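Quick notes on the structure that follows.
Nothing in this text is a laboratory measurement; each read-out follows from the coordinates by a stated rule. Keep in mind it's a predicted model, so treat the numbers as computed, not measured. Ideal geometry is used to build each Cβ from the backbone, glycine not excepted, and the neighbour counts take in all protein chains shown.
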Amino acid sequence: MKHNLEISGQTNLEEGVVDREVFVSEDIYQQEIETLFTRAWLFVGHESQIPNPGDFFTSRMGEESVILVRDKAGVIHVFLNSCRHRGMKVCRYDQGNTSLFTCPYHAWTYATDGKVRGIPQYQELYAGVLDREKWSLIEVPRMVNYKGTIWASWDENAPEFETYLGDAKVHLDQALDCRDGRPGGSEVIGVHKWVFPSNWKLASENFLGDSYHNPSHRSVDLIGIGPSARTGAKGRRDNELELAKHVWISFAAGHGVHSAVQAAGAEYIAQFANDPEIEEYFRHCHNERNARLGDNARLLPFTGTIFPNTSYHGRQPRNLCVWHPHGTTETEGWRFFLVDADAPAKVKDFLRRFYMRYSGPAGMTEQDDMENWLYATRASVGTIARRYPFNYQLARNQAELHPEVNGLTVRGRVTTKMTEHMARGYYRRWRSYLDGADWDELLGQNDPRFSNAKEAEE
Ligand code: FES
Ligand code: FE
C-alpha cells in the first residue's frame, strides 16, 4: 500500500513541517502497522526476565502479542502469541514458567520451542491428515540478544541489528553498560505498563532528544529530584554536567540521541544519592566503565530513541521504554528498569525507589510529559486543527557530520545546541517505510546528509 500523499500533503521535511494527519489519521496508522512494524527491529524484552528454561515474558511487536521464551534447552525464541488452530492467544499471562503452552480453546499444546506437542483426539480425528510438524507456533524470523536486550524483526531480509543501529550503537551501549562492572551485566527489576491517550510517535520523538521541552519539568528541577540535581537547579553541584558539552545527534537509520561529551580526565560520578556508600559504588562503576569503553566512556547518555519506538534513559533512571501503538490516539508505554546485576542490594533498592519517583506512570517527569502528549493529541484530532501542520524548524541547517567535540569524534549529524534535526531525520525514515523503500534507503545509505559533510541538513 502506498503512502497517501494527499492526506499528509503538508509534510515537508525540507521545510521542517509535518502534517497533523501523521498523528491522527486511521489510514496512515494502518500503513504504519503494515509497513513499519512488520520490518523494523523492535525491542521485546531482556534476557534477565527469562533466566531459566521454561521462563516466558509476553511482549508485543506493534499491535501483535508475542511470547519471549527460553526453551528447555536454554535457547531464546520469540513466537506469535496465537494458536495455529483458530487463533486463540495461547498465553494469557504476563510472565511465568511453563513446560507447555496449552491453548485454552481446544487444548492444542505447544512445547517451549514452539513445536506442537499434543492435539486432543489426534489419532481418531486427524491422523493421516494433519502434519503436526507444519503447525508449530509462528516464530519471529529475526531475533538477536544484544547485551542482554532481545530485539526482533518480522523481515527476514532485515540487516543485522548492529548494522541497523549504525553509529547509534555506542550510545545504546552507554545505556546498557553505563554502570555495570561488566558488559551486558544489567537486569530488569520491574516493568511498568500503562496506557495513555496519545499517538505513539509523540513519545518516541520526545526521546530523540527534545530538550526544548525542559520547561515542562520545571517543578522537578525546582525541588531537586532530577537525576543530577542534588541541591536543585540553582545549586547544582554535579561536576559531570559542568564539564560536559551537550550534543544532539541524528543517525542515518532514523535514530536520535541527546548525549554529552565529558572533558578528558573529568570524573563521572553520579551525585544524587546523598549516600556515600552508593556514591562509592557509582565511583567503582565509573572506573570499570572507563577501563572497558575507553574514550567512549566520556559520552554521557541522556535520552535516545532507536527507530521506531524504543527509547531509553541512559543515565539515571536507566531504563528502556517501548511505545506500543494502540491505534491513532492511544499508546501503551512499557518501561523496563535496569540495574547492574551485581550491584549491592542497597544500590538496587535506592534505584528502585528513585525510578518510581522519577519515571513510569506515577513518576514526576513522566506525568509532565504525558500531559503534553495527550493534550497535543486531543487538540489535533479536530477538523480545523488537522489543517495546520506541526513545526519542526528548531535549529535548521546547523548540524555537522562527525565533528570533534571536547576532543572526541562524535559520529552522526551533530549539533551542540538544542535542535529538532533528530525529529526531521526520524520522519524522513518513517516516510521511507511507508513508501515501501528497500533496506539501503531505510538505513539512510543513500542519504547525502550522512555521507557529505558539506550537504546542508535541510
Ligand atoms: Fe487453539 Fe483451537 S484455537 S486449540
Ligand atoms: Fe520529558
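Whole angstrom only: what separates the Cα centroid of region 114-169 from the Cα centroid of region 301-380?
With region 114-169 and region 301-380 each reduced to a Cα centre, they are spaced 29 Å.
Along Cα→Cβ, 7 Å out, is where each label goes; now give me the distance between the ones at Thr163 and Arg353 in nm to one decimal.
4.8 nm
Calculate the FRET efficiency for Asn12 and Met418 from the Cβ-Cβ distance with a Förster distance of 25 Å, rounded to the nearest 0.05. Intermediate results must be reported in sequence, preceding the final value.
On the way: r = 22 Å, r/R0 = 0.88.
It comes out at approximately 0.70.
Given R₀ = 22 Å, what would the calculated FRET efficiency be for Arg218 paired with Val195, taking r from the Cβ atoms and rounding to 0.05? Provide the component values of the computation, followed by the final result.
Numbers: r = 27 Å, r/R0 = 1.21.
E between Arg218 and Val195, to the nearest 0.05, is 0.25.
On a 0 to 90 degree scale, rounded to 10, what angle separates helix 276-293 from the longest Cα axis of the chain?
Here the helix axis deviates by roughly 80 degrees.
What range in the chain is the longest one free of chymotrypsin sites (Phe, Trp or Tyr not before Pro) that are in a loop by DSSP and have at most 15 other Cβ atoms within 10 angstrom?
Looking at the chain, 127-458 is the longest stretch - no exposed chymotrypsin sites (Phe, Trp or Tyr not before Pro) with at most 15 other Cβ atoms within 10 Å.
Can you find, among Val144, Tyr110, Met88, the residue farthest towards the positive end of the dipole of region 42-144? Put +1 on the C-beta of Lys and Arg, -1 on that of Asp and Glu.
Most positive-ward Cα: Met88.
For Ser99 and Asp275, FRET efficiency with R0 = 45 Å and r from the beta-carbon atoms, rounded to 0.05? Before the final figure, lay out the partial values.
Values: r = 44 Å, r/R0 = 0.97.
The computed FRET efficiency comes out at 0.55.
Would you mind calculating the gained length between Ala291 and Ile384 on full extension (0.36 nm times residue separation, minus the Cα-Cα distance), in nm to one decimal? Intermediate values should be presented prior to the final figure.
Values: separation 93, 0.36 × 93 = 33.48 nm, distance 5.67 nm.
Result for the pair: 27.8 nm of gain on full extension.
I want to check the label-to-label distance for Val129 and Asp440. Put each point 7 Å from Cα in the C-beta direction and report it in nm to one decimal.
That separation, rounded to one decimal, is 5.0 nm.
With label points built 7 Å along Cα→Cβ from the Cα atoms of Asn145 and Lys115, find their separation and express it in nm.
Rounded to a tenth, the inter-label distance reads 2.1 nm.
Check Gln95: other-chain or 5+ apart residues with amide H under 5 Å from its amide H, H built from backbone geometry?
Amide H neighbours of Gln95, under 5 Å, 5+ apart: Thr58.
Cα-based Rg (one decimal) and Dmax (whole number) for region 42-144, in Å?
13.5, 43
Tell me, in nm to one decimal, what length is gained between Lys346 and Tyr122 on full extension, where the rule is 0.36 nm per residue of separation less the Cα-Cα distance? Each step should come with its number before you reach the end.
Working: separation 224, 0.36 × 224 = 80.64 nm, distance 5.46 nm.
Length gained between Lys346 and Tyr122: 75.2 nm.
Expressed in nm to one decimal, what extension gain is obtained for the pair Asn452 and Glu63 from 0.36 nm per residue of sequence separation less their Cα-Cα distance?
Stretched fully, the Asn452-Glu63 segment lengthens by 136.3 nm.
Please report, in whole Å, how far the alpha carbons of region 105-200 spread along each principal axis, starting with the longest.
Extents along the principal axes: 58, 34, 32 Å.
Largest first, please: the extent of the C-alpha atoms of the chain along each principal axis, to the nearest Å.
Largest to smallest, the principal-axis extents are 77, 58, 38 Å.
Over the chain, what is the relative contact order in whole percent, taking alpha-carbon pairs under 8 Å and six or more residues apart?
Details: 959 pairs, mean separation 89.8, N = 458.
Dividing the mean separation by the residue count of the chain yields 20 percent.
Which entries in the list Lys72/Lys134; Lys134/Lys201; Lys72/Lys201; Lys169/Lys417; Lys147/Lys346 go over 26 Å, if you measure between the two C-alpha atoms of each?
Numbers: Lys72/Lys134 21 Å; Lys134/Lys201 38 Å; Lys72/Lys201 38 Å; Lys169/Lys417 22 Å; Lys147/Lys346 24 Å.
Lys134/Lys201; Lys72/Lys201, as the Cα separations exceed 26 Å there.
What whole-number volume per residue, in cubic angstrom, does the convex hull of the C-alpha atoms of region 367-442 give? Could the numbers behind the result be given before it?
On the way: hull volume 11.8 nm³, N = 76.
It comes to 155 Å³ per residue, whole-number rounded.
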